[in-house]
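Undergrad: There's a structure below that I have some questions on.
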2 protein chains.
Amino acid sequence: MISKELIGASAKPLVLSVLAQGEDYGYSIIQRVRQLSEDQIEWTEGMLYPVLHRMEKEGLLVSSWQVGDSGRKRKYYRLSKTGAKSIAREQAQWIAVHNTLAKLWGMKPCTT
Amino acid sequence: MISKELIGASAKPLVLSVLAQGEDYGYSIIQRVRQLSEDQIEWTEGMLYPVLHRMEKEGLLVSSWQVGDSGRKRKYYRLSKTGAKSIAREQAQWIAVHNTLAKLWGMKPCTT
DNA sequence: TTGACATACATAGCCGTGTTAGGCATAATA
DNA sequence: TATTATGCCTAACACGGCTATGTATGTCAA
């Protein structure tokens, strides 16, 4: 179980990074993150949807309703240019904190 | 500048890990973290003191007033047994999230 | 002496955000 | 037909960081 603080801190960078691989919709993003984390990160819909709305309002994402193969309406999100650029900043912040923890834990720092 | 979300998520593991190296007091912890992060993590007192109080209330820390060489009264914190044990859990959570991000960023995962 | 500054702790109000809980709707499955 | 999985959304609540402020002491220079 991941703490709500960590959930909150990782939501934005994770959404941005997932969408960097191509557009996706809310419900699917939750599954993708769960799989990527090997069932360790279990997002709730009540957490993700407001995050997506906020990020769209901030201009990081763009949404569009589409009807997929299933015939069901889905709200797909993709990165805006601003969103694509912001990944680097999110990444830098994360690495900065991670490397500080890594020092205290006797781990090797992350480059790149 | 680190986002408030990341600040919040990293506060507890950072405090625990700093105190794992020996007891310390609030004002000093802020400096320690700033140095360790190479000036990238700049905690405010209004953020840290409530964190320390909470962690003590949770039984993770134990405090004691001491008079150091400077003749000034300081409130030193050290890990309780519970606090020492909790580091591993905090670490596991952090690594879980980090490795998920690392996958998306094409980085090598952290092993322990 | 006096003023400025770093040290050192603490709290109050504002605001953002995850959680819990609930609602609504459709397609697939039993 | 009933249930489950899918798929979106929002409201009330509680928690916690930020800003601002208050208090107090030691150091150093004018």
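Laboratory data are not the source of any read-out in this text; all were calculated from the coordinates shown. What you see is a predicted model; the values in this text were computed from it and never measured. Note: ideal-geometry Cβ built from the backbone for every residue, glycine included; neighbour counts use all protein chains shown.
Undergrad: Assign unit charges at the C-beta atoms only (+1 for Lys and Arg, -1 for Asp and Glu), then state the dipole size of the protein assembly as shown relative to its Cα centre in Debye, rounded to the nearest 20. Intermediate results must be reported in sequence, preceding the final value.
TA: Details: 32 positive and 22 negative charges, 17 e Å.
The calculated dipole for the protein assembly as shown is roughly 80 debye.
Undergrad: Skipping prolines and chain starts, which residues have an amide H placed within reach, meaning under 5 Å, of the one on A:TYR25, given they are 5 or more residues away or on another chain?
TA: Counting only residues 5 or more places away or on other chains, the set is A:TYR77.
Undergrad: Moving on. Using a 7 Å offset from the Cα along the Cα-to-Cβ direction at both A:ASP39 and A:SER70, what is the distance between the two label points in nm, to one decimal?
TA: 2.1 nm
Undergrad: Now for a separate question. Put +1 on the Cβ of every Lys and Arg and -1 on every Asp and Glu Cβ in chain A; which of A:HIS53, A:TRP105, A:VAL67 then has its Cα farthest towards the positive end of the dipole?
TA: A:HIS53
Undergrad: Follow-up question, since we're still on this one. Quantify how strongly other chains surround peptide A:10-21 by giving the mean number of their Cβ atoms within 10 Å of each of its Cβ atoms. Display every interim value, and only then the final one.
TA: Values: counts 9, 1, 3, 8, 4, 0, 1, 5, 2, 0, 2, 1.
The per-residue average across the peptide is 3.
Undergrad: Measuring from label point to label point, each 7 Å out along Cα→Cβ, what is the A:ARG54 to A:GLU23 span in nm?
TA: The modelled label-to-label distance comes out at 2.4 nm.
Undergrad: Taking θ = phi - 60°, what integer Hz values does the Karplus form 6.51 cos²θ - 1.76 cosθ + 1.60 yield along segment A:61-73, in sequence order, with x for Gly and Pro?
TA: So the Karplus estimates, Gly and Pro as x, are 10, 10, 10, 7, 6, 9, 9, x, 4, 6, x, 9, 7 Hz.
Undergrad: Ignoring everything except DSSP H segments at least 4 long, calculate the 222 nm mean residue ellipticity for chain B; use -39,500 (n - 2.57) per segment, divide by total residues, nearest 500. Walk me through the numbers on the way to the answer.
TA: Working: 4 runs with 65 residues, N = 112.
Rounded to the nearest 500, the figure is -19500 deg cm²/dmol.
Undergrad: Related question: Using only atoms on other chains, find how many Cβ atoms lie within 10 Å of each Cβ of peptide A:28-39 and report the average. Walk me through the numbers before you get to the answer.
TA: Numbers: counts 0, 0, 0, 0, 1, 2, 1, 1, 5, 6, 4, 1.
Partner Cβ neighbours, averaged per residue: 2.
Undergrad: Separate question: Within the set of other residues whose C-beta is less than 13 Å from the C-beta of A:TYR27, count the net charge using Lys and Arg as +1 and Asp and Glu as -1.
TA: Charge balance near A:TYR27 sits at +4.
Undergrad: Any idea what log10 I(q)/I(0) is at q = 0.18, 0.23 Å⁻¹ for segment B:4-80, Debye with uniform C-alpha scatterers and no solvent?
TA: -0.70, -1.13
Undergrad: For segment A:4-104, with only Lys/Arg (+1) and Asp/Glu (-1) charged at the beta-carbon, what is the dipole magnitude about the Cα centre, in debye rounded to 20?
TA: Numbers: 15 positive and 11 negative charges, 69 e Å.
For segment A:4-104, the charge dipole is close to 340 debye.
Undergrad: Once amide H atoms are built 1.01 Å from N in the peptide plane, which residues 5 or more positions from B:LEU61, or in another chain, come under 5 Å H to H?
TA: Hits under the 5 Å cutoff: B:GLU56, B:SER80.
Undergrad: If you don't mind, there's one more thing I want to ask. Karplus couplings for segment B:43-51 from phi (6.51 cos²θ - 1.76 cosθ + 1.60, θ = phi - 60°), rounded to Hz, Gly and Pro as x?
TA: Result, rounded to whole Hz: 6, 9, 5, x, 8, 6, 4, x, 4.
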